[in-house]
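Below you'll find the structure, written out as structure tokens, and then a few comments.
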Amino acid sequence: MRFFGLAMGIAIVVQAVITHQWMIGIVGVLFTSMPIFNIGCCGPDGCAVPSTKKSAPAKDISYEEVG
């Protein structure tokens, strides 16, 4: 996925240089730097979910008959 992002970022930068659209070039630099420095919306953990789940100990439930 990082190689795909890098390729897309480089393609955006090249297209921006060819068409002289520097604002798009800034976006391309952003997309190119994200896979190079391993940054993104989720950080370096990649939105990892903790593998261990702590559960509360089971409680005994007492029922009372009404009637």
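The values are calculated or read from the model by the stated rules, or taken from the named source; none is laboratory data. None of these values were measured; they are calculated from a predicted model. Methodologically, a virtual Cβ is constructed for each residue, glycine included, from the backbone with ideal geometry; neighbour enumeration extends over all protein chains shown.
Annotations for the structure displayed:
- Test for Ile26: is it among the β-branched types (Val, Ile, Thr), out of contact with any helix residue (DSSP H, G or I) (no Cβ under 7 Å at 6 or more places or on another chain) and at pLDDT 90 or above: yes
- Residues in segment 5-27 that are free of Cβ contacts under 8 Å to residues at least 24 places away in the same chain and either in contact with a Lys or Arg (Cβ under 8 Å, 6 or more places away or on another chain) or under 17 Å from Asn38 (Cα atoms) (or both): Ala7, Met8, Ile10, Val27.
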